[in-house]
Structures are given as structure tokens and as C-alpha cells.
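Participant: Let me begin by handing over the structure; questions about it come next.
All of the numbers you see were taken from the coordinates with simple rules; none came from a lab. Note that the structure is predicted; figures quoted are calculated from it, not measured. For neighbour counting, all protein chains shown are included, and Cβ atoms are generated from backbone atoms with ideal geometry for every residue, glycine included.
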Amino acid sequence: MTTFSMTIDGKPVTGESRFPVINPATGQPFAEAPECSRAQLEDAMASADAAYKSWRRDEARRREVLVACADAIQARAGEIAPILTREQGKPLPRAMEELIGCAVWFRVTAGLQIPVEVLRDDAQGRIEVRRRPFGVVGAITPWNFPVLLAVWKIAPALLAGNTVVLKPSPFTPLATLKLGEVLRDVVPAGVLNVVSGGDALGGWITGHPAVRKISFTGSVATGKKVAAAAAPDLKRVTLELGGNDAAIVLDDADPKAVVPKLFWGAFANSGQVCSAIKRVYVPDALYEPIAQGLAELAKSVKVGDGLEAGVELGPVNNRPQFERVCELVDDARAHGGKILAGGAPKGGDGYFYQPTIVGGLSDGVRLVDEEQFGPALPILRYRELEDAVERANATHFGLSGSVWSADPERAAAVAGQLECGTAWVNQHMAILPNTPFGGAKWSGIGVENGPWGLLGFTEIQVVNVAKG
Ligand code: NAD
């Protein structure tokens, strides 16, 4: 069985203890990851702290290192992608896209400016608003896009002058460990440490006194624990949490045009995307063609092992999540839900669930109110548009949403009424490296990406110079 190493102070560290990593397409372990001990985490923190002192001084060098990271990932994407598919489940071409996305994110971030604003500069004095790094950043990631979401943190944190201790999810540690290995040759020792372990390791990181900023992506429940752990030391936090995105179809939409986009907005990565469409509101007049169109597509896509050619959707990533999807669909059925496609596991080995479309539901059922994070989509009828908007907003979640119409301006006006971080029109999940992404309400605090995400890894320092 292949073993992978952590990266601590620029060196490979395997440790005494290891845990198995399961391939969700088979349900069987296929490799092992090191279980980071307390002492190893102390080493990682000490090296990050020590490296910070020189890393923060040379911005031009940091930019060069980020570009070198992009080059290194691009050169070795073909080596990392199959590991990502085997631990995460996504089809190999999608894994490759995730890796290329990492290179793009490093490159775009390398070109961002760390602003210095001059508020006053005259004979009496000069006032500058500068941006200082925090020091050591603790970065914690989930299992749906493990490498890309890690890079969303690493690239801006490093450009701003911080050093990083990164912990991937125990369900998908391997591609991230490999990323650490690839970047070992490029990033100075101690600047990027990658450690692996269970949820307890996450708690050790968020509680560690060396960490001055936590950048966390994961569920709302864990996000609240992270915020509580950050409070005693007043550590800064960015939280990218769960969502329950609504798509609202307006009465002038063309079902043929919107159905494929709605489908992939909901089912990409087998529905395991924070900002996937998780419920669709459809006016009575369009309900039949849209629900039927989605059901036909759901029945036609190829589900299977992501390493097989032509597979469009892989398995659910892990057993607890697979069981949760089963439970939510069974509950929807028990509450009057009409299964229009799927509705059951695919059978056989692995955590495969049939792409599922459920009609006949209203709000108040778990599949509609909770984040399913899997391949099961409820389609909900509405009569009045105001009612649909109100139902879309009647949730603690506020990550993103979308509005679909033949008239983009009309849809944009409705999009503005959605209580969420990103509101798309006639598209969903259009996430770009130069555009901020983050959640309203319980879906998060702060944003990632672009200049706004970069500033989240800095704090303001005013330098006020008296002259004469
Ligand atoms: P999770 O919250 O269970 O775990 C996320 C990470 O937190 C893992 O690395 C885990 O080991 C760690 N962790 C667990 N307990 C911890 C603790 N007490 N302290 C510190 N770290 C701890 O989430 P998940 O199941 O891995 O991911 C799915 C969730 O992530 C979904 O809700 C999804 O919507 C959300 N997500 C959000 C975004 C976003 O950008 N908003 C992106 C992707 C996923």
C-alpha cells in the first residue's frame, strides 16, 4: 500500500502512526496517510513561526515563489490527479481540471497587489494605510475540492507574507500531501507545512497559540466550533461554510435552455459542492417540462468509478455522507416526495447513489431545508414570485443562489433580493479567481479570492509620519 508523507520544515515526515484512506468507488482502503502527533504539530508550528521572520520581508521573492508553485503543479498535475480521483471519487478529467485550477489560482494570485493607500502626503506629514501579514495561518479544508480549496488559502496567505500550516480532511488527505511534496522543492522550508490527521488535529490547530489567523472551509457545525476555538486568543477567522442554494426559475424561462444548466449546477461533483443548486423553485406553468427534463437527464448520465473513461459522476465521497443522502431521500419519500428519477443507491461496491430528482415536496422537509451535499435535488412549485424569493431566503444559509429567465435584467433584479454572497443569473457556480466568494448568514464570515480574499490575510497598519 502506498504511503504518503507530511511536509514539516521542508522535510518529508511519515511518523509512527498512520490511518487508511478509502476509495469511495470500491469502499476499500487503498493507501495510508500519516497521523500527525502533537509533537509533529509543534514542529510544524515552530518551523512556520521561524520561517515567518524572513518570509515576510521580500514581497518580490514571494511573487516569484507563487509563480514557481503554479509551474510545479502544472508540470505534475498528471501525477496528482489520479490520486485525487481515487480518494475523492470525481472523474479523472474533473480531477485534472481541479489541479489545473490550482495552477491558475497561484498565477492569478501572484499578480495581485498588496495596496498601500496614502491618505495624506504634504509638508506637515504623510499618512499611509499599509497591510501587514498576521504570522502563522492555520488552514483547514474539506473533502469535496481538497486541493483547489487548499490553494485558495495557501496562495493569498503566502503572497501577503504569512506562513501556513495546512490540514486536509481525513477523507481526502493524499492529493494535498502530494501537493506539499511537489511544493517542497519550490517553497522555502517552514513556509508551507502540510499535516494530516483526524478532526482532533483540526482542534489542535485552531487552539494553537502560534496561529494568528484561521482560514477554514467546511460545514456550518464545524465552523461554529472553529469560531469558538478562535475566540480566547482573538485569532482572526475566515469561514467558508455550507450552503442550501436556491435556483429560482422565472415564468419566461425556456425549459430546454435551462434544464441542462440547472442539472449540472446541482449535480457537478455528484452534488458535493458548497455552492451547488440544492433546491429549484419553478412556477406552476413550467413545473412539468422542467421536472421531466431534469429527470430524463438524471437517468441518462453515466455514474461510475472516476477512473473509467466516459464516467460523468463519481460516487459520494464517504460512508457517513452516503448514508445521509440515503436518509434524506427516504425521509422525502415518507413526506410525500415523488421520486422522478433515482431514489436509491446504485448497488454494488462503493458509495454510489443514483442521481435523484424529487418532486411533490414543499419547504419544511429535510431534503429542502437542510444541505444534502449529494446527488439528490428537490423541485418545488411556486405561484407568486415574491413567495419563491421569500422561501429561498427563509434559511440560515446564505452562500449563493441563481435566477433563470429569458430576460437577464429582470432576473438580475430578482437576484438582488436573494440574501446570499453570490447571486448568479442564468448560470450557477461560476467561480473565478479574481471575484470574491463567500457566504452571508451562517454560510460564512469573510471572502476568498481576488484582492478581497488577499486582504483577509492581512491587517491594517497606519503609518503616520510627522514632518517638520
Ligand atoms: P467538516 O466541517 O466536517 O470538516 C472540514 C474540515 O474540518 C476537515 O478537515 C475536518 O477534519 C476539520 N474539523 C472537524 N472538526 C474540527 C474541529 N473541531 N476543529 C477544527 N477542524 C475540524 O466538513 P466536510 O464534511 O469535510 O465538508 C463538507 C462541508 O463543507 C459542506 O457543508 C460544504 O458546504 C462545506 N464547504 C464549503 C465551501 C465554501 O467555500 N463555502 C466549500 C466547500 C465545502
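Participant: I need the shape label for the chain. Rule: rounded when a/c is under 1.5, else prolate if a/b > b/c, else oblate, with a, b, c from the alpha carbon gyration tensor. The partial results should precede the final answer.
Facilitator: On the way: a/c = 2.10, a/b = 1.36, b/c = 1.54.
Note, shape of the chain comes out oblate.
Participant: Starting from the Cα of D330, step 7 Å along the direction of its Cβ; do the same at A309; then give the gap between the two resulting points in nm.
Facilitator: Here the answer is 3.9 nm between the modelled labels.
Participant: Let me ask you something else. For the range 322-468, give me the percentage of DSSP beta bridges that are antiparallel, rounded to the nearest 5 percent.
Facilitator: Given both bridge residues lie in the range 322-468, the antiparallel proportion sits at roughly 40 percent.
Participant: List the pairs from K53/K167; K11/K225; K167/K225; K178/K224; K213/K467; K90/K235 whose alpha-carbon separation is above 24 Å, in the order I gave them. Could the numbers behind the result be given before it?
Facilitator: On the way: K53/K167 22 Å; K11/K225 31 Å; K167/K225 16 Å; K178/K224 29 Å; K213/K467 35 Å; K90/K235 34 Å.
Those over the limit are K11/K225; K178/K224; K213/K467; K90/K235.
Participant: Please check the chain for the longest run free of GluC sites (Glu not before Pro) that are loop-located per DSSP (anything but H, G, I, E, B) and have at most 16 other Cβ atoms within 10 Å.
Facilitator: 17-307
Participant: Sticking with this structure for a sec: Provide the FRET efficiency to the nearest 0.05 for the K256-A430 pair, computing r from the beta carbons and using R0 = 22 Å.
Facilitator: Efficiency, from the Cβ-Cβ distance: 0.60.
Participant: Out of N464, A257, P436, whose Cα points farthest toward the positive end of the dipole of the chain (charges: +1 Lys, Arg; -1 Asp, Glu; placed on Cβ)?
Facilitator: In the chain, that residue is N464.
Participant: What does the charge count around R132 come to, taking other residues whose C-beta lies under 11 Å from its C-beta (Lys +1, Arg +1, Asp -1, Glu -1)?
Facilitator: +3
Participant: Just how far, in whole angstrom, is the range 202-262 from the range 5-40 if you go by their alpha carbon centroids?
Facilitator: The range 5-40 and the range 202-262 have Cα centres separated by 25 Å.
Participant: Quick one: work out the % antiparallel among DSSP beta bridges in the chain, nearest 5. Walk me through the numbers on the way to the answer.
Facilitator: Working: 30 of 70 bridges.
Among the beta bridges of the chain, antiparallel pairing accounts for roughly 45 percent.
Participant: Once the dipole of the range 181-236 is set up with Lys and Arg at +1 and Asp and Glu at -1 on Cβ about the Cα centre, which of G198, L183, A221 lies farthest towards its positive end?
Facilitator: Comparing the listed Cα positions along the dipole, A221 ranks first.
Participant: Separation between the R130 and V465 pseudo-spin-labels, each 7 Å from Cα along Cα→Cβ, expressed in nm?
Facilitator: The two pseudo-label positions are separated by 1.0 nm.
Participant: Which value at 222 nm does the chain reach when only helices count, each DSSP H run of 4 or more adding -39,500 (n - 2.57), with the total divided by all residues and rounded to the nearest 500 deg cm²/dmol?
Facilitator: Mean residue ellipticity at 222 nm (helix-derived): -12500 deg cm²/dmol.
Participant: What is the gain in length, in nm to one decimal, between E59 and A394 on full extension, counting 0.36 nm per residue of separation less the C-alpha to C-alpha distance?
Facilitator: 116.1 nm
Participant: Placing unit charges on C-beta atoms (Lys and Arg positive, Asp and Glu negative, everything else neutral), compute the dipole magnitude of the chain about its Cα centre in debye, rounded to 20. Before the final figure, lay out the partial values.
Facilitator: Working: 47 positive and 52 negative charges, 246 e Å.
I would put it at about 1180 debye.
Participant: Just how large is the dipole of the range 82-124 about the Cα centre, in debye to the nearest 20, putting +1 at every Lys and Arg Cβ and -1 at every Asp and Glu Cβ? Numbers along the way, then the final one.
Facilitator: Values: 5 positive and 6 negative charges, 75 e Å.
Using only the charged Cβ atoms, the result is roughly 360 debye.
Participant: Can I ask one more? Please find the FRET efficiency linking S219 to E323, where r is the Cβ-Cβ separation and R0 is fixed at 22 Å, and quote it to the nearest 0.05.
Facilitator: 0.90
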